[in-house]
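Data first, discussion second: the structure below is written as structure tokens.
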Amino acid sequence: MTLRYLIASLAICLTAHAPAAMSAYPEKPIRLVVPWAAGGSTDALARAVAQRMSESMGQPVVVENRAGASGRIGAEAVAKAAPDGYTLGVIELAHTVAPSVFRQMPYDLLRDFTPVSLLGESPLVLFADSTRYRPGRHSASWRMRASRASRCN
């Protein structure tokens, strides 16, 4: 009975001090890295998200644009940052395609990043040269093919 009492007392003491030892997140500003130039759609979305995060978390969220090399410079900055939750990055479709396009990558997309949230979706639109493509003549057939293709997926 004494050993059980000792173990239970020790467990209570350890759990009583655990919340005091843990600090509340976030304690300092959060860095949100956008691997594209300022002023684009990704930057605008990141700034809107950063503002709402700042308001809800009570800490500044600083948007840092690290453009270049098809977004790899900014993504590399996030991959090499300390894994403490104070450096976040906006990753787009270009980053998922990059390993197929570039021989060497400074990071491994699956190993070095952890998904946190989906910020948005962006449609892809097919364009054609207006001198060769006449919308009145071909648009009905294009819409019909696109409709069939979307039902198959």
Filter the range 12-49 for residues that are over 20 Å from Y86 (Cα atoms) and of a type in the set (S, T, N, Q); which is modelled with the lowest pLDDT? T15
Would you kindly identify the helices (runs of 4 or more DSSP H) lying entirely within the range 50-153 that contain at least 3 residues that are at pLDDT below 90 and surrounded by 14 or more Cβ atoms within 10 Å (Cβ to Cβ)? 93-101
Which of (1) farther than 17 Å from I30 by Cα; (2) among the hydroxyl-bearing types (S, T, Y); (3) in contact (Cβ under 8 Å) with a residue 12 or more places away in the chain is the odd one out, the single condition S100 does not satisfy? (3)
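The values are calculated or read from the model by the stated rules, or taken from the named source; none is laboratory data. Quick caveat: nothing in here was measured; it's all calculated off a predicted structure. Cβ coordinates were reconstructed from backbone atoms using ideal geometry, including for glycine residues, and neighbour counts include every protein chain displayed.
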